[in-house]
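FYI, it's all coordinate maths here, none of it is from the lab. Everything numeric in this text was worked out from a predicted model, so none of it was measured. Because the Cβ atoms are built from the backbone with ideal geometry, glycine has one as well, and the counts that use them run over all protein chains shown.
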Amino acid sequence: MAPRGAVGHGGAGGSGSTIVIGLLRVELRIPQAHSLKDKRRVVRSLLDRVSAKFNAAVAETGHQDVWSYAEVAVVAVSNDGRHVNSMLDTILNFIESHAAAEVADAEIRFLG
């Protein structure tokens, strides 16, 4: 049986490959930001670092007009659910180590 969130796809040859999509949603608190410009500098730096270090899609997805909070989402795709979960855990640990932002909430979900 495929992992939760896995989607079986019987391609042209009936190969039955599996696609696992994992979503990491992180709400960040940015205590030293005193303007949207300060916030955007912190968020852009974090997104650039995550994107450069990991093979995952990353974007700011919420709280765009609030200077002290940000929501970012990271998506990873693989054929192995354990790999996706491990990768998103590693990315969350990396984000938690970012000195300019504090993780207020985080959630990993599998889509499918």
Using modelled amide H (1.01 Å from N, peptide plane; none on Pro or chain starts), what sits under 5 Å from the amide H of Ala57, excluding residues fewer than 5 places away?
-> Val75
So, in nm, how far is label Asp105 from label Val75 when the simple model puts each one 7 Å beyond its Cα toward the Cβ?
-> 2.1
Label-point separation (nm) for Arg29 and Arg49, each offset 7 Å from Cα along Cα-to-Cβ?
-> 1.9
How far is helix 36-53 tilted off the main Cα axis of the chain, in degrees rounded to 10, range 0 to 90?
-> 30
Please report, in debye to the nearest 20, how large the charge dipole of the chain is about its Cα centre when each Lys and Arg carries +1 at its beta carbon and each Asp and Glu carries -1 there.
-> 220
Per-pair calculated FRET efficiency, R0 = 25 Å: Val66 and Phe94 via Cβ, rounded to 0.05 | 0.60
